[in-house]
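Participant: Sending over a structure as structure tokens; questions will come in a sec.
The values are calculated or read from the model by the stated rules, or taken from the named source; none is laboratory data. Values in this document were obtained by computation on a predicted structure and should not be read as measured data. Cβ placement follows ideal geometry from the backbone for every residue including glycine, while neighbour counts extend to all protein chains displayed. The area values use the complete protein model at the heavy-atom level, side chains included, leaving out ligands, DNA and RNA. Shrake-Rupley method; radii C 1.70, N 1.55, O 1.52, S 1.80 Å.
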There are 2 protein chains.
Amino acid sequence: MSRHSAAPFNKTLSRWMTGGGPCEDVVVSTRVRLARNLAQYPFPPSARREDALAVRGAVQRSLDDLPDGGDYEFYPLDRVEEIDRWVLVEKHLASPQLVGRADCTAIILDAEESISVMVNEEDHLRIQCLVPGFDLESAWSLADTVDDSLGAGLEYAFDEDFGYLTACPSNVGTGFRGSVMAHLPGLVHTGQIEPLMSGLNKAGALVRGVFGEGSKAEGNLFQVSNRISLGSSEDEMAANLAGVARELMSRERSAREALLNGNRYELEDRVYRAYGLLTNARKMSSEEALDLLSMLRLGSDINILPGGLGDAFPELLVRIRRASLQRVVGERLDTNQRDIRRATLVRNRLLNDG
Amino acid sequence: MSRHSAAPFNKTLSRWMTGGGPCEDVVVSTRVRLARNLAQYPFPPSARREDALAVRGAVQRSLDDLPDGGDYEFYPLDRVEEIDRWVLVEKHLASPQLVGRADCTAIILDAEESISVMVNEEDHLRIQCLVPGFDLESAWSLADTVDDSLGAGLEYAFDEDFGYLTACPSNVGTGFRGSVMAHLPGLVHTGQIEPLMSGLNKAGALVRGVFGEGSKAEGNLFQVSNRISLGSSEDEMAANLAGVARELMSRERSAREALLNGNRYELEDRVYRAYGLLTNARKMSSEEALDLLSMLRLGSDINILPGGLGDAFPELLVRIRRASLQRVVGERLDTNQRDIRRATLVRNRLLNDG
């Protein structure tokens with residue numbers, strides 16, 4: 001790992017935003033996160049700023065000491081422009097909490113932004129690996145490597161009985177959480193999502209809308225994760241989550257079949273209208289864009305539209321958002337200006353100009 | 001004129017549907033109609049079927065006697081297929097009343113369907129001339145010629161004091177009515193249409209929606225005509241109507257300017273969305289098609305879109321309607337099938353395939 005002070009983020013796309021992972025017809029991305037804390041410091045929720053800065057310094061120094069010269073970068077968030085901090089949130093690399101305490105937090109990123117380590121979020125370290133498609137194995141293996149690297153130079157808070165200690169009891173043990181971001185338009189449009197969500201939630205998985213709650217989730221995007229991290233190994237938790245994800249994929253694909261067989265013209269009409277609006281509108285809200293992009297992606301996945309038209313989906317989920325739009329323009333934009341920029345961006349992207 | 005028995009109507013487009021007339025940015029078409037009755041027969045509303053058939057025969061024979069060999073055709077409506085009768089209504093060549101009494105009515109058409117003479121509608125003869133754009137002069141001159149031709153072989157009911165006698169007192173005198181079909185999206189979208197309509201109606205003009213009432217008129221299309229036919233010459237009535245039409249055109253153009261200057265992005269967005277939906281939807285109701293086509297035409301008239309895109313407007317006003325759609329397919333279609341055919345027709349027409 002190399003230590004590096006903050007610089008503008010010039011890369012537009014994180015690896016997960018470029019797509020191409022397994023089962024990407026349903027699963028947009030897979031994330032594995034490990035929560036770790038340093039033994040000698042109070043947990044962030046109860047830490048004074050001096051403690052937090054000491055942790056940040058220790059983490060940064062530990063990177064200097066690493067023998068391998070990976071291309072990780074260490075960014076103290078108070079040296080990152082505010083707009084760029086929110087771009088990190090929109091890319092799913094940082095949390096709003098991390099960004100909200102920029103005076104003592106930091107983020108470590110690799111070149112392709114598959115790895116993001118949040119420093120002084122709820123725990124001292126939140127090691128996150130985010131990969132395209134349904135690929136728990138890759139994400140977990142990557143997280144494990146990063147965990148080993150960091151653990152070599154830092155003393156983790158660890159208890160023989162409980163395992164890794166964390167700020168919130170729900171993370172104690174492995175500190176592991178796996179999650180997948182699933183695109184479930186079939187289950188939403190066939191009215192199956194609500195009962196399915198409550199069933200899964202009872203069975204120990206956590207399902208929630210990525211943008212908005214319940215069946216109103218914009219873009220029909222849902223985050224599915226394991227609820228508890230204690231009492232079983234990371235492998236068991238990953239296997240559990242994989243089972244839930246496979247079940248969801250199977251049901252989603254069946255729902256899409258049912259939609260196609262039920263009223264093909266109705267579905268084609270909705271898909272093509274979405275395409276017509278996305279490639280022609282001059283103003284578009286984020287909500288509308290997400291719903292139309294979801295329909296476009298569905299149409300592409302079920303071969304109503306040429307497959308390539310859906311490829312921009314993960315990328316546009318991020319690029320149409322507030323900070324990312326403003327980042328490109330380089331200035332603050334009001335709602336109306338954002339709606340205009342958003343429509344232009346989507347149109348150009350889908351018509352292959354940018 | 002040549003007499004001809006009924007045959008299928010093979011022509012798709014009447015002259016007015018092809019556009020190109022004066023002031024076509026606002027006025028789609030101009031019509032002049034003359035009401036005439038034969039002296040020896042009761043007016044159609046009080047006529048027995050035998051009387052009506054006698055009138056139809058007399059009119060048909062009078063065409064045989066004409067010296068000039070124009071390419072008029074005489075169609076007894078009971079020898080025209082029902083679907084074709086309704087296509088005549090949709091082309092604005094015949095009225096529903098005429099078509100509803102096919103057992104004793106007829107229509108005379110010229111090759112380009114600028115002239116249509118209804119036989120045994122409310123009056124024995126309704127001579128109508130329909131031309132593209134705002135062109136009262138051409139329509140009136142054409143109607144006058146047809147009137148002279150027919151009058152040469154038929155004895156019209158005429159009173160020295162009252163003028164031409166008609167079934168309804170409102171048509172007595174000249175039997176003249178001029179009307180223009182105006183496309184007024186600017187006045188509708190700026191909320192000016194309702195007060196303007198009531199003002200014009202008080203001033204002796206008759207303004208009504210072509211498809212639906214008031215500001216809800218689908219496609220923002222309005223028929224403006226002179227209300228009374230007695231007490232002034234045809235020229236005076238035409239001049240009055242022309243004055244009203246010119247005032248409307250001026251106000252409509254100002255309203256479009258105001259829309260453009262007010263919020264150009266908003267307007268562009270609506271125009272391009274209309275284009276996106278019209279060229280992509282797989283199902284479309286008649287109401288939606290009319291409203292989107294109106295927006296497309298507006299966009300084309302004010303140079304937001306390339307001018308040619310609006311050219312199909314008059315033609316599509318007819319071709320998207322129920323009978324015209326079924327006529328092309330050659331079979332009865334339910335609402336859903338019509339919505340699918342309509343979307344296909346509009347899409348292909350705008351994308352220049354047909």
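Participant: Keeping to the stretch B:268-298, report how many residues are over 22 Å from the mean Cα position of the chain (by Cα) and either more than 11 Å from every other protein chain (Cβ to nearest Cβ) or open to solvent by 10 Å² or more (accessible area, probe 1.4 Å) (or both).
Facilitator: Total satisfying the criteria: 11.
Participant: Looking at B:Asp64, is it open to solvent by 60 Å² or more (accessible area, probe 1.4 Å) and either at pLDDT below 95 or part of a loop (DSSP other than H, G, I, E, B) (or both)?
Facilitator: yes
Participant: Would you call A:Leu53 part of a helix (DSSP H, G or I), farther than 30 Å from A:Pro22 by Cβ, among the aliphatic types (A, V, I, L, M) and modelled with pLDDT under 95?
Facilitator: Values: part of a helix (DSSP H, G or I): yes; farther than 30 Å from A:Pro22 by Cβ: yes; among the aliphatic types (A, V, I, L, M): yes; modelled with pLDDT under 95: no.
For A:Leu53, the condition - part of a helix (DSSP H, G or I), farther than 30 Å from A:Pro22 by Cβ, among the aliphatic types (A, V, I, L, M) and modelled with pLDDT under 95 - is not met.
Participant: What number goes with the only condition from (1) more than 14 Å from chain B (Cβ to nearest Cβ); (2) touching a residue at least 24 places away in the same chain (Cβ under 8 Å) that A:Ala239 does not pass?
Facilitator: Only one criterion is unmet by A:Ala239, namely (2).
Participant: Another question, if that's okay. Could you please let me know if A:Asp339 is farther than 28 Å from B:Arg264 by Cα and in a helix (DSSP H, G or I)?
Facilitator: Taking the combined requirement at face value, the residue does not satisfy it.
Participant: Helices (runs of 4 or more DSSP H) wholly in the stretch A:178-280 with at least 1 residues that are in contact with a Cys (Cβ under 9 Å, 6 or more places away or on another chain) - which ones?
Facilitator: A:234-262
Participant: Okay, next question. Taking the stretch A:313-334 on its own, how many of its residues are touching a residue at least 24 places away in the same chain (Cβ under 8 Å), surrounded by fewer than 22 Cβ atoms within 10 Å (Cβ to Cβ) and either under 27 Å from A:Asp269 (Cβ atoms) or among the β-branched types (Val, Ile, Thr) (or both)?
Facilitator: Final tally of qualifying residues: 2.
Participant: Against the condition open to solvent by 40 Å² or more (accessible area, probe 1.4 Å), touching a Gly at 6+ places or on another chain (Cβ under 7 Å) and among the aromatic types (Phe, Trp, Tyr), how does B:Phe211 come out, does it pass?
Facilitator: Numbers: open to solvent by 40 Å² or more (accessible area, probe 1.4 Å): no; touching a Gly at 6+ places or on another chain (Cβ under 7 Å): yes; among the aromatic types (Phe, Trp, Tyr): yes.
It is false that B:Phe211 is open to solvent by 40 Å² or more (accessible area, probe 1.4 Å), touching a Gly at 6+ places or on another chain (Cβ under 7 Å) and among the aromatic types (Phe, Trp, Tyr).
Yes or no, residue by residue, for (1) in the same structural domain as A:Met181 (by TED's automatic domain parsing); (2) small (Gly, Ala, Ser):
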| position | (1), (2) |
| --- | --- |
| A:Leu196 | yes, no |
| A:Gly199 | yes, yes |
| A:Leu206 | yes, no |
| A:Gly209 | yes, yes |
| A:Glu218 | yes, no |
| A:Ala242 | yes, yes |
| A:Leu248 | yes, no |
| A:Leu267 | no, no |
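Conditions (1) open to solvent by 40 Å² or more (accessible area, probe 1.4 Å); (2) more than 18 Å from the chain's Cα centre (by Cα); (3) in the same structural domain as B:Gly204 (by TED's automatic domain parsing), marked per residue:
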site: B:His92; (1), (2), (3): no, no, yes
site: B:Thr105; (1), (2), (3): no, yes, yes
site: B:Glu121; (1), (2), (3): no, no, yes
site: B:Val131; (1), (2), (3): no, no, yes
site: B:Trp140; (1), (2), (3): yes, no, yes
site: B:Phe162; (1), (2), (3): yes, yes, yes
site: B:Pro169; (1), (2), (3): yes, yes, yes
site: B:Gly173; (1), (2), (3): no, yes, yes
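Participant: Let me ask something else. Go through the residues of the stretch A:145-157 one by one and say whether even a single one is open to solvent by 10 Å² or more (accessible area, probe 1.4 Å), modelled with pLDDT of 95 or more, assigned by TED's automatic domain parsing to the domain that holds A:Phe74 and touching a Gly at 6+ places or on another chain (Cβ under 7 Å).
Facilitator: no
Participant: Further, regarding this structure: Just checking, how many residues over the stretch B:305-315 are modelled with pLDDT of 95 or more and hydrophobic (A, V, I, L, M, F, W, C)?
Facilitator: Qualifying residue count for the region: 1.
Participant: From the list B:Val28, B:Val80, which residue is among the aliphatic types (A, V, I, L, M), in the same structural domain as B:Pro132 (by TED's automatic domain parsing) and either in contact with a Pro (Cβ under 6 Å, 6 or more places away or on another chain) or open to solvent by 50 Å² or more (accessible area, probe 1.4 Å) (or both)?
Facilitator: Values: B:Val80 fails: either in contact with a Pro (Cβ under 6 Å, 6 or more places away or on another chain) or open to solvent by 50 Å² or more (accessible area, probe 1.4 Å) (or both).
When all the criteria are applied, what remains is B:Val28.
Participant: Being within 21 Å of A:Val89 (Cβ to Cβ) and either open to solvent by less than 60 Å² (accessible area, probe 1.4 Å) or modelled with pLDDT under 95 (or both): is that true of A:Ala39 here?
Facilitator: No; evaluated as a whole, the condition is false for this residue.
Participant: Looking at this structure, is A:Val87 open to solvent by 10 Å² or more (accessible area, probe 1.4 Å), in contact with a Ser or Thr (Cβ under 6 Å, 6 or more places away or on another chain) and assigned to a strand (DSSP E or B)? So that I can check it myself, show each step before the final result.
Facilitator: Numbers: open to solvent by 10 Å² or more (accessible area, probe 1.4 Å): yes; in contact with a Ser or Thr (Cβ under 6 Å, 6 or more places away or on another chain): yes; assigned to a strand (DSSP E or B): no.
Considered against the rule, which asks whether it is open to solvent by 10 Å² or more (accessible area, probe 1.4 Å), in contact with a Ser or Thr (Cβ under 6 Å, 6 or more places away or on another chain) and assigned to a strand (DSSP E or B), A:Val87 comes out as no.
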